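Encoded as structure tokens, the structure appears first; notes follow it.
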Amino acid sequence: MSVTTRGTYNSPAYITRFVERISSLHIRAERTFIAKMRRVEQPMILDAGCGPGRDTARFLRAGLKIVGVDNAEKLLKAGCDRFQITQGHLLCSELARVATPGALVFVRVREGSKEGIEKRDGFERFYKHYEREEVRDLMRAAGFQVRRIISLPDPAPEKFDYRQLNVWATRI
């Protein structure tokens, strides 16, 4: 049987484990972002690759206008139930297609140059790590202007040896 990342993310075992153990270690960076967004006229924010919608829920509760997107429909549904948010805030779609001009997009990716199948916690999934310039080039090619990239340690640095890039971009 072939393992796919989407299949892993949509599996009941993964959903149960991941949704219940979501970390809150990036709250400081998110609070800074929320404070900045409150000082400007708020565009709609697109939380790309939102998984179960943890960040989407935080931003909604802070009063920001946001929609989360991911291609793992079952993981999204579990997040809606867990974080008590409506599915109207979580869409399954392609990033550039759902972002209208001027939309603010939030993306979090692993930092670095590795890629491949990773086996962890009994699950297999494909991961690709990105360098800052690579993220900037990919976003530009997809029609986005990167506003800010922040590198943060992984939420569980005792388990993982990589950092995460938090990317905020505007749809051109």
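General remarks:
- Strands (runs of 3 or more DSSP E) wholly inside the range 109-172 containing at least 3 residues that are touching a Phe, Trp or Tyr at 6+ places or on another chain (Cβ under 7 Å) and at pLDDT 85 or above: 163-171
- Filter result (closer than 15 Å to Gly112 by Cα and in contact (Cβ under 8 Å) with a residue 12 or more places away in the chain) within the range 128-152: Lys128, His129, Tyr130, Glu131, Arg132, Val135, Arg136, Ile149, Ile150, Ser151, Leu152
- Selection from the range 122-147 of residues that are under 26 Å from Gly7 (Cα atoms) and either under 18 Å from the mean Cα position of the chain (by Cα) or exposed (fewer than 12 other Cβ atoms within 10 Å of the Cβ) (or both): Gly122, Arg125, Phe126, Tyr127, Lys128, His129, Tyr130, Val135, Leu138, Met139, Ala142
- Total residues in the range 65-91, condition in a loop (DSSP other than H, G, I, E, B), hydrophobic (A, V, I, L, M, F, W, C) and either surrounded by fewer than 20 Cβ atoms within 10 Å (Cβ to Cβ) or at pLDDT below 75 (or both): 1
- One residue from Pro12, Pro43, Pro52 being loosely packed, with under 11 Cβ neighbours inside 10 Å and either modelled with pLDDT under 80 or within 24 Å of Lys128 (Cα to Cα) (or both): Pro12
The values are calculated or read from the model by the stated rules, or taken from the named source; none is laboratory data. Please read these numbers as outputs of a predicted model, since none were measured by experiment. With ideal geometry, Cβ positions are generated from the backbone for all residues, glycine too; neighbour counts draw on all protein chains shown.
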